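Structure first, then comments.
The values are calculated or read from the model by the stated rules, or taken from the named source; none is laboratory data. Bear in mind the structure is a predicted one, so any value in this text is a computation, not a measurement. Neighbour counts are summed over all protein chains in view; Cβ atoms, including those assigned to glycine, are modelled from backbone coordinates with ideal geometry. Please note that ligands, DNA and RNA were not included when accessible areas were found on the heavy atoms of the full protein model with its side chains. Shrake-Rupley method; radii C 1.70, N 1.55, O 1.52, S 1.80 Å.
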Amino acid sequence: MFNLLKKDFILQKNTMIFLLPIFILFLTQNSSSIWNALIFSIALAMNAFAIDEKPEINKMLNALPYTRKEIVSSKYFGTLLYTALVVLVVFVWNISIHATLTSWKEALLIFGLVMLAISFLFPFSYQFKSQYLLIGTLGLFGVTMVVARIFDLNMAGTLMSTFEYMVSLNGNEILLLAVLVSFVYLISWAVSLTIYSRKVF
Amino acid sequence: MENVIELKGVHKSFGSFQLTDMNLTVKKGFITGFIGGNGVGKSTTINLMMNLLQPDKGDVKVFGLEYKQFEKEIKQRIGFVFDENVYYEHITLAQLRKLLRPAYRNWDDALFNEYVRKFELPLKKKIKTFSKGMLMKTSLTVALSHHAELIIMDEPTSGLDPVFRRELLDILQEIMEDGTKTIFFSTHITSDLDRIADYITFIHNGKHIFTKEAYRIEEDYAIVKGSIELLDRDTEKEFIGLRKSSSGFEGLTANKRRVHDVFGDLVVTEKPTIEDLMFYTKKGEERYV
């Protein structure tokens, strides 16, 4: 499985070099670094997924000495690595520019949110295709807008205050959330594995 | 003789297509040509051999091992060539090597470079610029570089120009020289087989018709030509398939000697091509539908 992770890293190298300055640009805009980190981690994880999505590529991967379990697991494990990389950039950025330490709660929150998002995105993409994600996301976005309009909510404000609230939780509460999110992530992995093992290329 | 691949009682169905009770073996150290028309189950069979598909029923063994327990071990020893490009298109051959090398425990960089030179493959050009022939050479290079004992090829010659086809057949023959390798390749261009195949495996409509030594086909089978009066309900049974016209009939028999006994000198017999086998088998089946 290590080889598959390495493969994704080699294939994503250029994308990562390209995204780094954009990410830093985002960070300079003083918007929520949690939000930025979330978006970029998901982008990297989904890009790694999309690179291997074509049926011909799956044919090759399955003809190589890898099992289907390893192929799916590498995507879930890779997501954690990419998130760690993004968190590292945030950490270095905060230390060098703002001379502050990124709190472990913030880092954990980024991980939790990425894992939660990927827990839905991967099984969806294995079952359908990642190209339908855009349509799905747009649909979800539309529904959110309508709901926000009906209940007169300020979505961005709500989101930020939710982030703040989560970071303000105490250690035990965060631990509980972390266990919960990890559990969702594991379930998602099992679902993706089931979908992928039935695939015909 | 040792079998490299063994399919026993394999069933696989999807939609309207069915592979039924497939029993076939591929012998070690030989080239086996795998023939059949379009859509008769060649690719399905190959996918089963490579564990890209799992059978509904029956056993698939490669090197005497089952995929359930030894998937990675088996795949370490198989090289593959598909009729489409299965590699990442936006990378170069040099980068592809970097991705594939760690996957195989027996990877041999020196051998890789040797074949790249021999096949005149560009290391620095993107895979998407490769022609069909170059892609085929790339797949072969990869297969040979990890010392694959079994090379499975799905329609390797389709879409290649005739000159390159002959070149490929020479390459395959060369690969076989050390006697340790086995090649299994599917094709519907049957003239390829006349030149290099040691064994022919023939399937039709999801069923295994036969696996024979290539030279035996000539001994057993024959194209028979004669006048139409010779045919009646009994004599027609001698043929796998028949084609009748006002000037006479032409048919395929699987028992050349018996045809001689029945018809004597009244008919002319000819050596059948593999294409004849395919054509008359299909025709024969239509007759009984």
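Annotations
- Among (1) charged (D, E, K, R); (2) without any contact (Cβ under 8 Å) to a residue 40 or more places away in the chain; (3) surrounded by 19 or more Cβ atoms within 10 Å (Cβ to Cβ), the one test that B:LYS181 misses: (2)
- Flag for B:VAL259 being aliphatic (A, V, I, L, M), in contact (Cβ under 8 Å) with a residue 24 or more places away in the chain and crowded, with 20+ Cβ neighbours inside 10 Å: yes
- Residue that is farthest from the other protein chains (Cβ to nearest Cβ) [pool: residues in region B:34-51 that are under 15 Å from B:LEU150 (Cβ atoms) and open to solvent by less than 10 Å² (accessible area, probe 1.4 Å)]: B:PHE34
- In summary, helices (runs of 4 or more DSSP H) completely within region A:1-98 and bearing 3 or more residues that are within 12 Å of another protein chain (Cβ to nearest Cβ) occur at A:2-28, A:55-63, A:68-97.
- Considering only residues in region B:67-96 that are more than 7 Å from chain A (Cβ to nearest Cβ) and touching a residue at least 40 places away in the same chain (Cβ under 8 Å), the one that is farthest from B:MET136 (Cα to Cα) turns out to be B:ARG77.
- Any hit, region B:145-156, residues being assigned to a helix (DSSP H, G or I) and at pLDDT 85 or above: yes
- Residue tally, condition under 16 Å from the mean Cα position of the chain (by Cα) and within 21 Å of B:ILE5 (Cβ to Cβ), over region B:146-189: 19
- Among (1) hydrophobic (A, V, I, L, M, F, W, C); (2) at pLDDT 90 or above; (3) touching a Lys or Arg at 6+ places or on another chain (Cβ under 6 Å), the one test that B:LEU169 misses: (2)
- Any hit, region B:104-116, residues being under 19 Å from A:ASN58 (Cβ atoms), in contact (Cβ under 8 Å) with a residue 40 or more places away in the chain and either more than 9 Å from chain A (Cβ to nearest Cβ) or more than 26 Å from the chain's Cα centre (by Cα) (or both): no
- Taking the listed residues B:PHE164, B:PHE80, the one that is surrounded by 19 or more Cβ atoms within 10 Å (Cβ to Cβ), hydrophobic (A, V, I, L, M, F, W, C) and at pLDDT below 95 is B:PHE80, with no other qualifying.
- Checking the stated criteria, B:ASN205 turns out not to satisfy the condition of being out of contact with any His (no Cβ under 9 Å at 6 or more places or on another chain), assigned by TED's automatic domain parsing to the domain that holds B:LYS282, open to solvent by 20 Å² or more (accessible area, probe 1.4 Å) and not hydroxyl-bearing (Ser, Thr, Tyr).
- Of the strands (runs of 3 or more DSSP E) lying entirely inside region B:183-281, the ones with 1 or more residues being closer than 26 Å to B:ILE31 by Cα are found at B:199-204, B:207-213, B:222-226, B:248-253, B:268-270.
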